[in-house]
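*Asks:* Okay, here's the structure, questions in a sec.
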There are 2 protein chains.
Amino acid sequence: MNNVWKLCLGTPDPLSSLLALSGATLDPSRLSGGACPLAAARIETERVRDRFVLRIPLSAGERLYGLGLSFEKMRVDYAARHLRCDHYAGRDTGRTHAPVPFYVSDAGYGVFVDTAEVASFYMGGTVRTDALNPPPELNRGRDDNWSCNQRAEFVEVSHIRADERAARDELAAFERHGLKIDVLGLEPGWQSGSYPCTFEWDRARFADPAQFVRDMAGQGVRVNLWENMYVSRSARIYRDLLPYCGSHQVWGGAVPDFTLEAAREIVLRQHREDHIGVSGYKIDECDGYDQWLWPDHARFPSGASATAIRNVYGARLQRMFYDDFRARGKRTYGLVRASNAGAASLPFCLYNDCYSFGQYLTGMATAGFCGCLWVPEIRDASSAEEWVRRFQLGALSPMLMLNAWANGAKPWQYPEVESIIADTIRLRRALLPYLYTAFYRYHSEGIPPFRAPVMDDPTLTGREDASSGALDGTANPYELRAARDVTDQFLIGDALMAAPMLPGQTEREVVLPRGVWHDFYTGEALRGTVRYACPLERIPLFVKSGGIIPLLREDGTLEARCYGERGETTLYDDDGETFAFERGEYALIRLAFSRPPESAPQSDVEITAHNFETAYKRVTFVPVG
Amino acid sequence: MNNVWKLCLGTPDPLSSLLALSGATLDPSRLSGGACPLAAARIETERVRDRFVLRIPLSAGERLYGLGLSFEKMRVDYAARHLRCDHYAGRDTGRTHAPVPFYVSDAGYGVFVDTAEVASFYMGGTVRTDALNPPPELNRGRDDNWSCNQRAEFVEVSHIRADERAARDELAAFERHGLKIDVLGLEPGWQSGSYPCTFEWDRARFADPAQFVRDMAGQGVRVNLWENMYVSRSARIYRDLLPYCGSHQVWGGAVPDFTLEAAREIVLRQHREDHIGVSGYKIDECDGYDQWLWPDHARFPSGASATAIRNVYGARLQRMFYDDFRARGKRTYGLVRASNAGAASLPFCLYNDCYSFGQYLTGMATAGFCGCLWVPEIRDASSAEEWVRRFQLGALSPMLMLNAWANGAKPWQYPEVESIIADTIRLRRALLPYLYTAFYRYHSEGIPPFRAPVMDDPTLTGREDASSGALDGTANPYELRAARDVTDQFLIGDALMAAPMLPGQTEREVVLPRGVWHDFYTGEALRGTVRYACPLERIPLFVKSGGIIPLLREDGTLEARCYGERGETTLYDDDGETFAFERGEYALIRLAFSRPPESAPQSDVEITAHNFETAYKRVTFVPVG
């Protein structure tokens, strides 16, 4: 393919190839040709004992991003990461839900290492003793420049121990509060046994599961089922599955080796028989901690290593469920706790337990670098204000999800902010046509719908914070230079940027990418770095000059909010349910406006429909500002 | 040796043997014989790909401790740890300054794995699919019992960018405040170049180093020099040392392979020539982080692996410096940032940067399990109260050290608590004979002078906190059972227990080991778990009934504080400078008292001197309470 170069070290093991999992849908013709930006002659390889070493040239001042889903930092230059699928324990170490062995440089290239094995990345901090151009030697006692670092998308509600009646009551309560739910997620207790799992309905709670799922569908609500893949001895499939399981249990359950077709087929057949009408899964606990999962020395019947199986377990499961839905002509959209490179094109969102607001927000910025959709779920809050801020963040993520299984939290639990929460959910719904188009671009062109601003504007690397590199005997004894990332803002689709307020904030700094941007609410033109204040009910949102943000009104018409002097955009629409779009059944709706200072405003809608009739026909253009 | 059993897997690599580093001084006759507490027949071994697997039987309810210096928890049952020498990043993961591959069970045995390689320990959380007695399967949806877990003495002051005059002025200031310093530590700037290091004096700052060191000695102050072992190109020894260095630099310096005699000899020769009269070293930054140290694929001239070299780097350096001092008949007492099993008998204390009061306190309890002396250094505080609490903790540790190189902090920097700090330092001095004896027992019998109370009373495992195992969707979504450790108390010597107050506390819970204990200050008899309140100037200290705590008064006499009805103890004394004690030149001072309720108090001193005249001849017995 144009612009893709490949280098093989040794004989690749097909069982640990991440690309083998991939079903990417990118159009290769969109990649134009060019010369390799890395001088091939300067790439070195070496074998040291049982390790393969690959040395890739790095220029002074290059900025590097990626190496998996991160929650603390975005830049990885100087970092050392041992990529290993893990629960994430609050620190960016390489142990994460999506340990994707891929990084990208602001010099205009990316490097992907196609291995599921635990790989170590030393990102320019290791200097060889025989280096041709070693960094200058400084004297800590005299040079103030000394530093130790040298160069080299839906609303979803979940619940536990609820039966069918409780689930219906829950839904009715949401309706009374004027809130629409798209997906109802059932947590472990829907099963006859869980932790370890049976994957079978608990008939005492759900007497007629198929009828229950149909009734929900009648109300426009899809059903999602929680699972982890550790199989109970009382599961119907246990005996058949056991020969295809690993040497060690997880939480009392057998661990299927899903590298094997036979294991996948046994599980899928039972799922198809028992889960009629179910729209998707939440695949939990396939990440780590070490003390929960199988040990590194576990054996699996496929012969693949325990470490490689761990690094692809979540990705392999995404592939398995997606392929099964696809074979039945149905789309799915699920949740998963682990992913990797081969799964970037699969419709699953990542989530975790850390619940740090700041880290959840950072995940929105970093996920695009590793081909992941990251969902900052909503569980609880210590104040009404935090409750609002968490809903605002969730509303601007790939999936607005309330995870209330443990505490039964309700959106209206803080009455004083109930109307703000309801408005936040309405804004999310109004943005669906815009988000759907952003996902279409992700599918067809690979542009992440949610991504760091630096992806669109490489100069936007944040303020260098002089004080953060200063010596502090307690907090910074090594005078670590802290090149600040802009980790608390993210782009959504082509024209929108969010800079959410953290709990406790009433104003914040916003770093705008180059060019003119507008306040989403007032249309005020802004540039550069600004202080931004807004009341609790607003999320700081900014629109690129020339941008059109279509909002879906409750009467089914579109309000096209226009910013700046002129602009155009194209919305994508299809049936939302099947793969008919692959046979060309979809519609493109081109929206354009201009309002030059001295002339009358003009606007235009042009619909190109391909065997699909879009509902987005009535558009009202609203110039903002 | 009695009570020691050995099992070999494959062919051990002498370069990565930790025991090869050891110079243990234990008297083997003190180990009485017995049967192996582990059924050898149940120990299993297996080779899985490139891993050796060792399976050691574990009984239900066994409590395990150890696996290196820890700062969060003490018990390691259910834990997974990958032992790797590292800077410690705030979490107990196995990455620590002393990744000692040893654990001990309350069933009465310990297991030591003699390897410097990164070894993975799965401490009873991995259940094989073919287990004979797997844990019972519970249903999370119905069973409330479900849980995811099925199962260094001196006062030392340091300073940066100071010259000889500044060092003398500093000392004078301490004298003006009535404070006696035993060791003056010079931080990097004493060298002509540092980070990387030259190991040579900066003659602009120290015109006549030998004279400076002699002058200090004249004032009773020893000099300690800060070093890390990454060698500057401008070091005199650079050229000679380079052939014995690894393939990668650290912080711009070459990394000597100290596995090689030649590398050690070059460095030691230069040190002996240049550092005349110096009493010891602070060996910094030999631990990690990955992004600072050599990569795992680095090559070293000895052929040992980069990972093994890293795990023993600190231990190897301790051995090197100790052997050199010993060859000259001089004792040393130093600081180091990394250690391992072979170094338990070497006179070095560990320290780090984390500066969490709670974690520093936990280190006092856990260090004994891994054969380390842990020093909670004092740098700074956000309040006078915290300043006092930090001095109190430091005063009861292996080394009372003020690390003021970055901020020039002084003990008297909070005038309102200056007298409390001075009294704290005086208490430390008064305890020296007691501490010295505790160190003698460490040397001769292997009993850690500072250790967790559970070491002496295995029933003391802390309160099981019911609430900590309860479901909390945000803080504890997995209903993790948290068997609480008593990590905030520690034993000192034979008869003393400290339960330091944390900043902000005015009272706390104290869990006393079995039997009767007494309040150090009042003699009040206490038992079991008590609430303890005391003013800022007091450290909660408890004495075992029958205990005698000798305090050295400023007039040189001993005040023997006696607790309970009767007791005896034996103090050890020697010249404190040389190895003459190995030739029998030392004194034992036996102290005994009795004060039965109806009889007159009696006390007795019996001195056994072996070619050494002790100063502890005048003893005043003081019954307390």
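The values are calculated or read from the model by the stated rules, or taken from the named source; none is laboratory data. These numbers were taken from a predicted model, which means no experiment stands behind them. Heads up, the Cβs are rebuilt from the backbone with ideal geometry, glycines too, and the neighbour counts pull from every protein chain shown. The accessibility values were calculated without ligands, DNA or RNA, using every heavy atom of the protein model including side chains. Shrake-Rupley method; radii C 1.70, N 1.55, O 1.52, S 1.80 Å.
*Asks:* Which residues, taken from the range A:71-86, are in contact with a Phe, Trp or Tyr (Cβ under 8 Å, 6 or more places away or on another chain) and part of a loop (DSSP other than H, G, I, E, B)?
*Replies:* A:PHE71, A:MET74, A:VAL76, A:ALA79, A:ASP86
*Asks:* Name every residue in the range A:401-419 that is of a type outside the set (S, T, N, Q), at pLDDT 90 or above and over 12 Å from A:ARG390 (Cα atoms), in order of residue number.
*Replies:* Once the filter is applied, which keeps residues that are of a type outside the set (S, T, N, Q), at pLDDT 90 or above and over 12 Å from A:ARG390 (Cα atoms), the range A:401-419 yields A:LYS410, A:TRP412, A:TYR414, A:PRO415, A:GLU416, A:VAL417, A:GLU418.
*Asks:* Now for a different question. Residues being within 18 Å of the chain's Cα centre (by Cα) and β-branched (Val, Ile, Thr): count how many of those fall in the range A:69-103.
*Replies:* 2
*Asks:* Hey, another quick one. Scan the range A:548-558 for residues that are over 24 Å from the mean Cα position of the chain (by Cα) and under 13 Å from A:ALA592 (Cα atoms) and report the count.
*Replies:* Final tally of qualifying residues: 1.
*Asks:* Only one of (1) assigned to a helix (DSSP H, G or I); (2) within 14 Å of chain B (Cβ to nearest Cβ); (3) touching a helix residue (DSSP H, G or I) at 6+ places or on another chain (Cβ under 7 Å) is not met by A:ALA381, so which one is it?
*Replies:* For A:ALA381, the failing item is (1).
*Asks:* Does at least one position in the range B:226-236 carry a residue that is among the hydrophobic types (A, V, I, L, M, F, W, C), buried (at least 21 other Cβ atoms within 10 Å of the Cβ) and within 17 Å of B:GLU170 (Cα to Cα)? If you could, list the steps in order and put the result at the bottom.
*Replies:* Narrowing the range B:226-236 to residues among the hydrophobic types (A, V, I, L, M, F, W, C): B:226, B:229, B:231, B:235.
Next, only the ones that are buried (at least 21 other Cβ atoms within 10 Å of the Cβ) stay: B:226, B:229, B:231, B:235.
Filter again for within 17 Å of B:GLU170 (Cα to Cα), leaving none.
Taking every residue of the range B:226-236 in turn, none turns out to be among the hydrophobic types (A, V, I, L, M, F, W, C), buried (at least 21 other Cβ atoms within 10 Å of the Cβ) and within 17 Å of B:GLU170 (Cα to Cα).
*Asks:* Answer yes or no: is there a residue in the range B:263-275 that is of a type in the set (A, V, I, L, M) and outside any helix (DSSP H, G or I).
*Replies:* no
*Asks:* B:TYR351: open to solvent by less than 10 Å² (accessible area, probe 1.4 Å), more than 20 Å from B:THR115 (Cβ to Cβ) and within 20 Å of the chain's Cα centre (by Cα), yes or no?
*Replies:* So B:TYR351 passes the test.
*Asks:* Go through the range A:279-293 and give me each residue that's at pLDDT below 85 and touching a Gly at 6+ places or on another chain (Cβ under 6 Å).
*Replies:* A:GLN291, the sole residue that qualifies.
*Asks:* List pairs: first residue in the range B:321-335 and closer than 19 Å to B:ASP574 by Cβ, second residue basic (Lys, Arg) and open to solvent by less than 70 Å² (accessible area, probe 1.4 Å) anywhere in the structure, Cβ distance under 8 angstrom, at least six positions apart or on different chains.
*Replies:* Pairs that qualify, where the first residue is closer than 19 Å to B:ASP574 by Cβ and the partner is basic (Lys, Arg) and open to solvent by less than 70 Å² (accessible area, probe 1.4 Å), are B:PHE325/B:ARG331.
*Asks:* Moving on to the next point. If A:HIS610 satisfies all but one of (1) touching a strand residue (DSSP E or B) at 6+ places or on another chain (Cβ under 7 Å); (2) farther than 30 Å from A:TYR322 by Cβ, what's the number of the condition it fails?
*Replies:* Failed condition: (2).
*Asks:* Can you name the number of the only condition in (1) outside any loop (DSSP other than H, G, I, E, B); (2) closer than 18 Å to A:GLY185 by Cβ; (3) open to solvent by 20 Å² or more (accessible area, probe 1.4 Å) that A:GLY358 fails?
*Replies:* The one condition A:GLY358 does not meet is (2).
*Asks:* Condition first: out of contact with any helix residue (DSSP H, G or I) (no Cβ under 9 Å at 6 or more places or on another chain) and either crowded, with 21+ Cβ neighbours inside 10 Å or more than 12 Å from every other protein chain (Cβ to nearest Cβ) (or both). Can you find one or more residues in the range A:340-348 that meet it?
*Replies:* Checked against the condition, which is being out of contact with any helix residue (DSSP H, G or I) (no Cβ under 9 Å at 6 or more places or on another chain) and either crowded, with 21+ Cβ neighbours inside 10 Å or more than 12 Å from every other protein chain (Cβ to nearest Cβ) (or both), the range A:340-348 yields no hits at all.
*Asks:* Test each condition in (1) touching a Phe, Trp or Tyr at 6+ places or on another chain (Cβ under 6 Å); (2) closer than 28 Å to B:GLY394 by Cβ for B:ASP555 and report the one that comes out false.
*Replies:* Failed condition: (1).
*Asks:* A further question on this structure: Here is a list: B:ALA262, B:ALA315, B:ALA298, B:ALA327. Which entry is at pLDDT below 95 and either away from chain A (no Cβ under 14 Å) or open to solvent by 10 Å² or more (accessible area, probe 1.4 Å) (or both)?
*Replies:* Matching residue, one of B:ALA262, B:ALA315, B:ALA298, B:ALA327: B:ALA315.
*Asks:* Could you grab me the full set of residues in the range B:381-394 that are over 12 Å from B:PHE490 (Cβ atoms) and either touching a strand residue (DSSP E or B) at 6+ places or on another chain (Cβ under 9 Å) or open to solvent by less than 10 Å² (accessible area, probe 1.4 Å) (or both)?
*Replies:* B:TRP387, B:VAL388, B:ARG389, B:ARG390, B:PHE391, B:GLN392, B:GLY394, listed by residue number.
*Asks:* So which residues in the range A:231-259 are within 14 Å of chain B (Cβ to nearest Cβ) and among the β-branched types (Val, Ile, Thr), if there are any at all?
*Replies:* Matches in the range A:231-259: A:VAL231, A:VAL250, A:VAL255.
*Asks:* Could you please find all residues in the range B:49-68 being in a loop (DSSP other than H, G, I, E, B) and either more than 16 Å from the chain's Cα centre (by Cα) or surrounded by fewer than 24 Cβ atoms within 10 Å (Cβ to Cβ) (or both)?
*Replies:* B:ARG49, B:ASP50, B:ILE56, B:PRO57, B:LEU58, B:SER59, B:ALA60, B:GLY61, B:GLU62, B:ARG63 - these are the residues of the range B:49-68 that are in a loop (DSSP other than H, G, I, E, B) and either more than 16 Å from the chain's Cα centre (by Cα) or surrounded by fewer than 24 Cβ atoms within 10 Å (Cβ to Cβ) (or both).
*Asks:* Could you list, in sequence order, all residues of the range A:82-103 that are farther than 21 Å from A:LEU361 by Cβ and open to solvent by 10 Å² or more (accessible area, probe 1.4 Å)?
*Replies:* A:HIS82, A:ARG84, A:PHE102, A:TYR103
*Asks:* Take the residues of the range B:202-225 that are surrounded by fewer than 16 Cβ atoms within 10 Å (Cβ to Cβ) and within 27 Å of the chain's Cα centre (by Cα): which is nearest to the other protein chains (Cβ to nearest Cβ)?
*Replies:* So the residue we want is B:ALA217.
*Asks:* Testing A:SER279 on (1) open to solvent by 10 Å² or more (accessible area, probe 1.4 Å); (2) within 13 Å of another protein chain (Cβ to nearest Cβ); (3) of a type in the set (S, T, N, Q), one condition comes back false. Which one is that?
*Replies:* All conditions pass for A:SER279, except number (2).
*Asks:* Looking only at the range A:16-31, decide whether some residue is open to solvent by 50 Å² or more (accessible area, probe 1.4 Å), at pLDDT 75 or above and touching a helix residue (DSSP H, G or I) at 6+ places or on another chain (Cβ under 7 Å).
*Replies:* Yes: the range A:16-31 contains one or more residues that are open to solvent by 50 Å² or more (accessible area, probe 1.4 Å), at pLDDT 75 or above and touching a helix residue (DSSP H, G or I) at 6+ places or on another chain (Cβ under 7 Å).
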